[in-house]
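In what follows, a structure is listed as structure tokens, so that the remarks can point back to it.
The values are calculated or read from the model by the stated rules, or taken from the named source; none is laboratory data. Note that the structure is a prediction, hence the values are computed from the model and not measured. Here the Cβ positions follow ideal geometry from the backbone for every residue, glycine too, while neighbour counts run over all protein chains shown. The protein model used for the area step is the full one, side chains on, heavy atoms only, and it has no ligands, DNA or RNA in it. Shrake-Rupley method; radii C 1.70, N 1.55, O 1.52, S 1.80 Å.
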Amino acid sequence: MSKETDSPRLRLAVQKKGRLADDTFDLLAKCGLKVRHGRSRLFARIEELPIDVLLVRDDDIPELVASGAADAGIVGGNVFEEDRLTRDGVGAVIADALGFSRCRLCVAVSKGETYAGPAYFSGKKVATSYPGLLQSWLEERGVTDAQIVLMHGAHEIAPRLGLADAICDIVSTGATLDTNGLKVADTIYRSEALLIAAPGLDVAKAEILGALKGRMRGALASQHAKYVMMNAPRSAIPAITAVLPGADSPTILELAGEGDMVAIHSVCNEDVLWEHLAELKSVGASAILVLDIDKMLN
Ligand code: PRT
Ligand code: ZN
């Protein structure tokens, strides 16, 4: 057998098509990983790291990873957490939070209703495809007699059809609720995309996952990070450091022939706004440059 065939490859399950898919493929691209789609509609291949990509529906990802059919996956926290709360046996584990596809799982009621807290749901019917998350939220708040109506879509029309008194669904902008005469009553879970892994990955695959995670962290960190450079009198360094948003210790460089003046270079891990530049200027900085960072590996 050739060495190539022997060397381990990580099987990564990702959403084939949908809200998570675009951001997932964007992130992989920012990590320098090109997903090569062959003839198969189920598999794709990455050459830059030893990774095979499994293209599936998001709902299947936690089970594929928990069972070891995939070694890792990228899935919404809402889907992962629902699986964790409703499964028997060991599930997948979270390897990292990825910060995209942010949304809220909310309970919503008709706009005309007065909502004064979770006790509202006592004796009420709530339509959802997240029975695990909803039930655990209700139970933690002492509501044990709500009736959960399982639906796999179009929850927002359930109250109008008389199928339920309220719904529990993902909310992003709130437009869907609004157009259906509903309003958010409470947020029960805040979600973002997660990198998840099979429990007990072997050392070789754990190493590939570590490399993937490192690249993802670098790509995500560099999204907001800026490289900021300026000149200033040495005495202004403490005031400048205090203004730079999300900065590590800056690098200070002598400016040849400029007496007390130094160049200050720093990576800022938060957005650098015009207000920050005005403040830097007011504490003595000049020739301020703000540059995008393409890649970062800590
Ligand atoms: O086909 P497959 O099963 O893979 O996809 P899917 O249709 O089940 O999921 P998809 O692609 O819609 O969503 C994938 C993941 O994206 C979800 O599990 C969430 O983690 C995340 N996400 C982020 C969202 C939304 N935003 C979102 N707005 N998932 C769903 N919605 C829906 C929501 O269900 C509701 O119908 O959008 C509507 C509300 O949006 P607003 O903007 O009107 O509030
Ligand atoms: Zn789905």
| said: Considering only C-alpha atoms, what is the centroid distance from region 254-288 to region 75-119, in Å? | reply: 43
| Over region 12-60, what percent of the accessible surface lies on carbon and sulfur atoms, probe 1.4 Å? | 48
| said: Please state the shape class of region 172-269: rounded when a/c is under 1.5, otherwise prolate if a/b exceeds b/c and oblate if not, all from the C-alpha gyration tensor. | reply: oblate
| Cα to Cα, under 17 Å, and not fewer than 8 places away if on the same chain: which aspartates and glutamates meet these conditions relative to Lys34? | Asp22, Asp23, Asp26, Glu47, Glu48, Asp52, Asp294
| field | Fully extended contour minus Cα-Cα distance, from Ala287 to Lys34, at 0.36 nm per residue | value | 87.2 nm
| task | Using label points projected 7 Å from each Cα along Cα→Cβ, tell me how many nm separate Arg87 and Lys124, to one decimal. | result | 3.1
| At 222 nm, what helix-only mean residue ellipticity would the chain give, in deg cm²/dmol to the nearest 500, using -39500 (n - 2.57) for each DSSP H run of four or more? | -8000 deg cm²/dmol
| message | Report the gain in length on full extension from Asp52 to Leu297: 0.36 nm times residue separation, minus Cα-Cα distance, nm rounded to one decimal. | response | 85.9 nm
| Largest first, what is the accessible-area ranking of Lys295, Lys34, Lys226 with a 1.4 Å probe? | Lys295, Lys34, Lys226
| query | Under a Cβ-Cβ cut-off of 12 Å, what is the net charge of the residues other than Lys226 that fall near it, where Lys and Arg count +1 and Asp and Glu count -1? | reply | -4
| field | Rounded accessible area of Glu48 (nearest 10 Å², 1.4 Å probe) | value | 70
| query | Mind checking Rg over Rh on region 180-233, alpha carbons, Kirkwood formula for Rh? | reply | 1.26
| How do Glu47, Glu192, Glu113 rank by accessible surface area computed with a 1.4 Å probe, from largest to smallest? | Glu47, Glu113, Glu192
| Within region 57-74: backbone nitrogen closer than 12 Å to the Arg45 label point (7 Å, Cα to C-beta) | none
| query | Is the chain rounded, prolate or oblate when judged by the Cα gyration tensor, a ≥ b ≥ c being the square roots of its eigenvalues, rounded requiring a/c under 1.5 and prolate requiring a/b larger than b/c? | reply | oblate
| Ordering Trp274, Trp137 by how much accessible area each has at a 1.4 Å probe, largest first, what is the list? | Trp274, Trp137
| query | Accessible surface of His224 in the full protein assembly, 1.4 angstrom probe, to the nearest 10 Å²? | reply | 90
